[in-house]
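Read through the structure below, which is laid out as structure tokens, and then see the notes.
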Amino acid sequence: MLRLDFNLSRIPESAAAAGWLPQDPLLALVFQTGLIIIACSFLMLLSVFALRMRLLARQRRERFHEARWKPLLAECVFGVPERLPEVPREMRYHFLKHWNYHHESLVGAARRNLETLAERMHLEEVARDLMRSGDLRQRLIGVVTLGHLGDRTQWHELRALVSDRSPMLSLAAARALLDIDAAATLAWLVTVMASREDWPLARVVAMLREAGPDRCTQPLIAATEAASRVEGGKREVVRLLQMMEVAHTERVAPLAGRIARESDEPEVIAAALRLTQDPRDLDIVRALARHGEWFVRLAALRVLGRIGEPADRVLLMDLLCDTHWWVRYHAARALITLPGARLEDLDKVRGTLSDRFAADMLGEAIAEARA
Amino acid sequence: MSFFDGWPQWDWVSFAQWFFLLYFIGINSGYMLLNLLSLGSLKRYVEMHSLDDLPRSVSGFEPPVSVLVPAYNEEATIAGSVRSMLQLNYPEYEVVVINDGSKDGTMAALQREFSLLPFPEASWQRLRTKTVRGIYRSATYPTLRVIDKENGGKADALNAGINAARYPLFCGVDADSVLERDSLRRVIEPFLEDPRTIASGGTVRIANGCTVDSGFLTSVGLPRNPLALLQIVEYLRAFLFGRLGWSPLNAVLIISGAFGIFRKEVVVEAGGYRHDTVGEDMELVVRLHRLFRARGTPYRIVFVPDPICWTEAPESLRVLKNQRVRWQRGLSESLTMNLGLLFHPRGGAAGWLAFPFMAIFEWLGPLIEVAGYAFMISAWLLGMVSGEAFWTFILVAFGFGLVLSVSSLLLEEISFHIYPKPGQIAVLLVVVILENFGYRQLNSLWRLWGLLLWMTGSKARWGEMTRKASWQTGGGNP
């Protein structure tokens, strides 16, 4: 049986005969490991160099092609260029990046010229190829291009991609579908947008804004009504109400008012209040300004700041002494924006306030209004 | 017959040799694993952000942010820094400068450059701080406010900034940092992508050798100073896999105070920055892990590998030593103040992997490393250890050090290519080799000194550093 000699301080008699490798088998193993690691380091050093050389060569190639592509793409501002850009297979991704960049930067006839150029170059085939590749970067640019080209033939494949686990890819597919046919897509996409919490709300709202309020208002209302009837649909309702920021406010306000009136969920009420602007809802808004949750009171105060009446002054003065700082902050600002409010009068009122925090807050709001 | 009969015969010298050798193998294998994790993260990150340069990638619905800039004796650079922070490419943000009782003309410079006017703010003192002497607003920049307060240290200044912050997210920025114009936009991404995100931080790079004009970096270069050059490789190693590797495991324990973004309510609930540590940035992050893990609340603390913040590195041994001593003390304090995270039943990767790793290899590491070198050298000189064993130890220690340094450069080459010229890469490759001969060992000695100072409980305050800012040109300075 092999017995390892753990005593490394012993210098083996045959060390000299063995040359540079330690005689102790375990020590020799560690020594060899060290050598391998150093060899790996030098290999990595070489690969850093090789990568840099490859990068420089690629950049040179890109610059060479870009110098030919850019004038042709720029020509699209005035018309479709006679000569088509030459795009070697390995430069397809880069060309599509340039084409998409121009497409997103230009509008009107120039954009249509770019699309005609793409049609003549059969870019939709390139985009389809890239969409089906295994590389995420290529898939993304392929999906974006298909959207910009309005390629309906890939509708089902893109729709399937909306369910992809990757938030980036699924969002890109959703955006492409909106580019292809926003009206047909929004009817079902808003429910996906409400349920996919891995889709950043900021991106979702940006997509809806691009689609425009005319197209997204009705689907949002329908989806919110449906979600509000589902038990446990609170999170979806809140998300949909947040998405309604880009809808026609006068059309969503009645629904928001109804939800604010009927819901028991503070988060839902607060989200609905953000959209409330109908003076007929003032009664419920005033009631909610006394709600137990501070963020509901805050949301109600913001509404009063927008559509409050002179009669709300007493309520707002009360809320100026609220326990929560943000409620006091918005009460002070709402007081200033009330119809008929005069800074001189409010300054006098401030002098009579016994609550120091309320007086400070009102003082700040007055100073801000005067600044 | 004794219990130990039949066991290998170990004397203390053999034991010590193997202990140090295995420690070096252990620490470096740990870093290699982190390196592999970083490689995966970096690839995903680059893929996910491949469309960022298209015009439509900007949503315009990013959450508003309060940028907090604590300043202490920053008269020379404060105006340029603030001016650059006012020009960030971000939809809605405010800049709150906190003058922490500077003894020089910091406040006067701010007043002169930004036409400050006193403003009666009803501030919300949710975190206790030293007395605020006054709050000012700029007549020329509506999004700029300045808080003038009594000196209380960086943590106290940041807490005062949090009290004054108007927005749900705040971003702590060192007054001498140079930011990229879209820094905020990039570091905010994790908050957009996952609502559970409570903090995110980005990569800090060294500005020495670069050109900075009007507060913005205009060209990237390498410094002539050898110490600054060595720190470039060190920063690459620390950020590209020291932090990125932990990010997918949700176990990032450090977000640099130079540039980090936090959810305000979460920090206030946690009690804000602690005054009794010089590592207030790391301590806060470790505390957030501890509190969220203990409560079982889902959360994310994320590291963004983008190079978004540039800072001046010390160019003298004295200043560098002070910095490293301070960092080691900060690390010691951060870990010992949050021992509850270590092996907590719900500690996850933060409590079961990152914390023990930090404790063994970063916190106590200098002690073992210095002891290891001292033991091996003296034992070899005294003939207690064979030359074979000694040179094997040196070979392994050097080999692992080299492979880690080179791999960080490789990660950089795969991802961001910050240094554009091949000559710069060649210089860095030489530095990668040279740093293993003395610089790393010197660093271990300084860190050991920091550890000893922490153990003896001596006090420390703001990290005062002699700033040259020789890379700044244009309208940076008043």
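Please give the number of the condition B:S102 fails out of (1) within 14 Å of another protein chain (Cβ to nearest Cβ); (2) farther than 15 Å from B:R185 by Cβ; (3) among the hydroxyl-bearing types (S, T, Y).
(1)
From B:D174, B:D100, B:D148, which residue is closer than 26 Å to A:R356 by Cβ and surrounded by 17 or more Cβ atoms within 10 Å (Cβ to Cβ)? Quick ask: steps written out before the conclusion?
Values: B:D174 fails: closer than 26 Å to A:R356 by Cβ; B:D100 fails: closer than 26 Å to A:R356 by Cβ.
Within the list B:D174, B:D100, B:D148, the selection yields B:D148.
Can you name the residue in segment A:154-169 that is assigned to a helix (DSSP H, G or I) and surrounded by fewer than 20 Cβ atoms within 10 Å (Cβ to Cβ) and is also nearest to the other protein chains (Cβ to nearest Cβ) among such residues? Outline the logic, then answer.
To start, the set of residues in segment A:154-169 that are assigned to a helix (DSSP H, G or I) comprises A:154-161, A:167-169.
Then drop every residue that is not surrounded by fewer than 20 Cβ atoms within 10 Å (Cβ to Cβ), which leaves A:155-157, A:159-160, A:167, A:169.
Values: A:W155: 21, A:H156: 23, A:E157: 19, A:R159: 20, A:A160: 20, A:P167: 7, A:L169: 9 Å.
Residue satisfying both the conditions and the ranking: A:P167.
Considering only residues of segment A:333-356 that are more than 20 Å from A:L304 (Cβ to Cβ) and part of a helix (DSSP H, G or I), which is nearest to the other protein chains (Cβ to nearest Cβ)? Spell out how you get there, then give the answer.
Of segment A:333-356, the ones more than 20 Å from A:L304 (Cβ to Cβ) are A:344, A:347-348, A:351-352, A:354, A:356.
From the residues that got through so far, the ones that are part of a helix (DSSP H, G or I) too are A:344, A:347-348, A:351-352, A:356.
Values: A:E344: 17, A:D347: 12, A:K348: 16, A:G351: 14, A:T352: 17, A:R356: 9 Å.
Per the stated criteria, the residue is A:R356.
Taking the options B:P63, B:P55, name whichever one is surrounded by fewer than 18 Cβ atoms within 10 Å (Cβ to Cβ), within 14 Å of chain A (Cβ to nearest Cβ), more than 21 Å from the chain's Cα centre (by Cα) and within 24 Å of B:F416 (Cβ to Cβ).
On the way: B:P63 fails: within 24 Å of B:F416 (Cβ to Cβ).
Result: B:P55 is the single residue among B:P63, B:P55 that is surrounded by fewer than 18 Cβ atoms within 10 Å (Cβ to Cβ), within 14 Å of chain A (Cβ to nearest Cβ), more than 21 Å from the chain's Cα centre (by Cα) and within 24 Å of B:F416 (Cβ to Cβ).
Which one of these is surrounded by fewer than 23 Cβ atoms within 10 Å (Cβ to Cβ) and among the aliphatic types (A, V, I, L, M): B:L192, B:L184? Don't jump to the end; show me each part of the working.
Details: B:L184 fails: surrounded by fewer than 23 Cβ atoms within 10 Å (Cβ to Cβ).
After ruling out the rest, the residue left standing is B:L192.
How do the pairs read when you match residues in segment B:377-404 that are on the phi > 0 side of the Ramachandran plot with residues anywhere that are not aromatic (F, W, Y), using Cβ under 8 Å and keeping only pairs 6 or more apart or on different chains?
If the second residue must be not aromatic (F, W, Y), no pairs are left.
Out of all the residues in segment A:229-256, which are of a type outside the set (A, V, I, L, M), over 23 Å from the mean Cα position of the chain (by Cα) and in a loop (DSSP other than H, G, I, E, B)? Show your work before the answer.
Within segment A:229-256, the subset of a type outside the set (A, V, I, L, M) is A:229, A:231-236, A:239, A:242, A:245, A:248-251, A:254.
Right, trim to over 23 Å from the mean Cα position of the chain (by Cα) and you get A:229, A:231-232, A:250-251, A:254.
A:E231, A:G232, listed by residue number.
Please work out which residue is surrounded by the most Cβ atoms within 10 Å (Cβ to Cβ), limiting yourself to segment B:332-352 and to residues that are out of contact with any helix residue (DSSP H, G or I) (no Cβ under 7 Å at 6 or more places or on another chain) and under 18 Å from B:G296 (Cβ atoms). Give the derivation first.
The first filter runs over segment B:332-352 and keeps only residues out of contact with any helix residue (DSSP H, G or I) (no Cβ under 7 Å at 6 or more places or on another chain), leaving B:336, B:339, B:345, B:352.
With the extra rule that they be under 18 Å from B:G296 (Cβ atoms), the set shrinks to B:345, B:352.
Numbers: B:P345: 10, B:W352: 16.
Among those that are out of contact with any helix residue (DSSP H, G or I) (no Cβ under 7 Å at 6 or more places or on another chain) and under 18 Å from B:G296 (Cβ atoms), it is B:W352.
Only residues in segment A:84-108 that are away from chain B (no Cβ under 11 Å) and closer than 10 Å to B:L54 by Cα count as the first member; pair them with residues that are acidic (D, E) and crowded, with 18+ Cβ neighbours inside 10 Å, Cβ under 7 angstrom, at least 6 apart or cross-chain, and list the lot.
Going by the 7 Å Cβ cut-off, there are no qualifying pairs.
Might you let me know whether segment B:125-140 holds any residue that is over 29 Å from the mean Cα position of the chain (by Cα), buried (at least 17 other Cβ atoms within 10 Å of the Cβ) and in a loop (DSSP other than H, G, I, E, B)?
no
Return the residues of segment B:195-218 that are surrounded by fewer than 18 Cβ atoms within 10 Å (Cβ to Cβ) and out of contact with any Pro (no Cβ under 9 Å at 6 or more places or on another chain); say none if nothing qualifies. So that I can check it myself, show each step before the final result.
Kept after step one, since they are surrounded by fewer than 18 Cβ atoms within 10 Å (Cβ to Cβ), are these residues of segment B:195-218: B:195-196, B:211, B:213-214, B:218.
Of everything in segment B:195-218, those that are surrounded by fewer than 18 Cβ atoms within 10 Å (Cβ to Cβ) and out of contact with any Pro (no Cβ under 9 Å at 6 or more places or on another chain) turn out to be B:T211, B:D213, B:S214, B:T218.
Restricting the first residue to segment B:196-218 and requiring it to be within 19 Å of B:D281 (Cα to Cα) and basic (K, R), which pairs with a second residue that is modelled with pLDDT under 85 and crowded, with 22+ Cβ neighbours inside 10 Å meet a Cβ separation below 6 Å and a spacing of at least six or different chains?
Partner pairs satisfying both residue conditions: B:R205/B:P307.
Looking at (1) within 18 Å of the chain's Cα centre (by Cα); (2) more than 14 Å from chain A (Cβ to nearest Cβ), which is the one condition that is false for B:E412?
(2)
Please determine, by comparing only the residues of segment B:263-317 that are hydroxyl-bearing (S, T, Y) and either under 21 Å from B:P356 (Cα atoms) or in contact with a Lys or Arg (Cβ under 6 Å, 6 or more places away or on another chain) (or both), which one is surrounded by the fewest Cβ atoms within 10 Å (Cβ to Cβ).
If we filter segment B:263-317 for residues that are hydroxyl-bearing (S, T, Y), which is where we start, we get B:273, B:277, B:297, B:299, B:311, B:316.
Now narrow it down to the ones that are either under 21 Å from B:P356 (Cα atoms) or in contact with a Lys or Arg (Cβ under 6 Å, 6 or more places away or on another chain) (or both): B:277, B:299.
Values: B:T277: 23, B:Y299: 18.
Among residues in segment B:263-317 that are hydroxyl-bearing (S, T, Y) and either under 21 Å from B:P356 (Cα atoms) or in contact with a Lys or Arg (Cβ under 6 Å, 6 or more places away or on another chain) (or both), the one surrounded by the fewest Cβ atoms within 10 Å (Cβ to Cβ) is B:Y299.
Taking segment A:111-149 on its own, how many of its residues are more than 25 Å from B:V46 (Cα to Cα), among the hydrophobic types (A, V, I, L, M, F, W, C) and more than 14 Å from every other protein chain (Cβ to nearest Cβ)?
Looking only at that region, the number is 4.
Anything in segment B:418-448 that is touching a helix residue (DSSP H, G or I) at 6+ places or on another chain (Cβ under 6 Å), surrounded by fewer than 20 Cβ atoms within 10 Å (Cβ to Cβ) and not in a helix (DSSP H, G or I)? List them, or say none.
The answer is B:N436, and nothing else.
Is it the case that segment A:274-283 has a residue that's more than 31 Å from the chain's Cα centre (by Cα) and under 30 Å from B:I162 (Cα atoms)? Steps first, please.
Going residue by residue through segment A:274-283, those that are more than 31 Å from the chain's Cα centre (by Cα) are A:279-283.
Subsequent filtering for residues that are under 30 Å from B:I162 (Cα atoms) retains none.
No, the conditions are met nowhere in segment A:274-283.
Taking B:S405 and the conditions (1) surrounded by fewer than 18 Cβ atoms within 10 Å (Cβ to Cβ); (2) of a type outside the set (V, I, T); (3) within 14 Å of another protein chain (Cβ to nearest Cβ), which numbered condition does it fall short on, given that it satisfies the others?
It is condition (1) that B:S405 fails.
Looking at (1) surrounded by fewer than 22 Cβ atoms within 10 Å (Cβ to Cβ); (2) farther than 17 Å from A:A194 by Cα; (3) not small (G, A, S), which one does A:R235 not meet, given that it meets all the others?
Of (1) surrounded by fewer than 22 Cβ atoms within 10 Å (Cβ to Cβ); (2) farther than 17 Å from A:A194 by Cα; (3) not small (G, A, S), only one is false for A:R235: (2).
Each row is one residue, and each column tells you yes or no for (1) assigned to a helix (DSSP H, G or I); (2) within 14 Å of chain B (Cβ to nearest Cβ).
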site	(1), (2)
A:E197	no, yes
A:A202	yes, yes
A:D214	yes, no
A:T217	yes, no
A:L220	yes, no
A:A227	yes, no
A:R258	yes, no
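Kindly indicate whether B:T203 is more than 21 Å from B:F61 (Cβ to Cβ), more than 21 Å from the chain's Cα centre (by Cα) and hydroxyl-bearing (S, T, Y).
Numbers: more than 21 Å from B:F61 (Cβ to Cβ): yes; more than 21 Å from the chain's Cα centre (by Cα): no; hydroxyl-bearing (S, T, Y): yes.
Answer is no for this residue.
Looking at segment A:206-225, can you tell me whether even one residue there is under 20 Å from A:R159 (Cβ atoms), in contact with a helix residue (DSSP H, G or I) (Cβ under 6 Å, 6 or more places away or on another chain) and basic (K, R)?
For segment A:206-225, residues under 20 Å from A:R159 (Cβ atoms), in contact with a helix residue (DSSP H, G or I) (Cβ under 6 Å, 6 or more places away or on another chain) and basic (K, R): present.
Within segment A:167-196, restricting attention to residues that are over 14 Å from the mean Cα position of the chain (by Cα) and of a type in the set (S, T, N, Q), which residue is nearest to B:E47 (Cα to Cα)?
So the residue we want is A:S195.
A quick yes/no check of all residues on (1) touching a helix residue (DSSP H, G or I) at 6+ places or on another chain (Cβ under 7 Å); (2) farther than 29 Å from A:V144 by Cβ:
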{"residue": "B:I27", "(1), (2)": "yes, yes"}
{"residue": "B:V46", "(1), (2)": "yes, no"}
{"residue": "B:P63", "(1), (2)": "yes, no"}
{"residue": "B:V69", "(1), (2)": "yes, yes"}
{"residue": "B:S81", "(1), (2)": "no, yes"}
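Is it true that B:D156 is away from chain A (no Cβ under 14 Å) and part of a loop (DSSP other than H, G, I, E, B)? Before you say what the answer is, go through the steps one by one.
On the way: away from chain A (no Cβ under 14 Å): yes; part of a loop (DSSP other than H, G, I, E, B): no.
Considered against the rule, which asks whether it is away from chain A (no Cβ under 14 Å) and part of a loop (DSSP other than H, G, I, E, B), B:D156 comes out as no.
For segment B:83-99, what are the residues that are of a type in the set (D, E, K, R) and either within 14 Å of chain A (Cβ to nearest Cβ) or in contact with a helix residue (DSSP H, G or I) (Cβ under 6 Å, 6 or more places away or on another chain) (or both)?
Initially, segment B:83-99 is screened for residues of a type in the set (D, E, K, R), giving B:83, B:92, B:94.
The answer is B:E92, B:E94.
I need every pair where a residue in segment B:297-318 that is farther than 19 Å from B:T77 by Cα and at pLDDT 90 or above has its Cβ under 6 Å from the Cβ of a residue that is surrounded by fewer than 19 Cβ atoms within 10 Å (Cβ to Cβ) and of a type in the set (D, E), sequence separation at least 6 or different chains.
These pairs meet every condition: B:R300/B:D194.
The values are calculated or read from the model by the stated rules, or taken from the named source; none is laboratory data. Bear in mind that the values here come from a model prediction, so they are computed numbers and not experimental data. Positions of Cβ are generated from backbone atoms using ideal geometry, with glycine treated the same way; all protein chains shown enter the neighbour counts.
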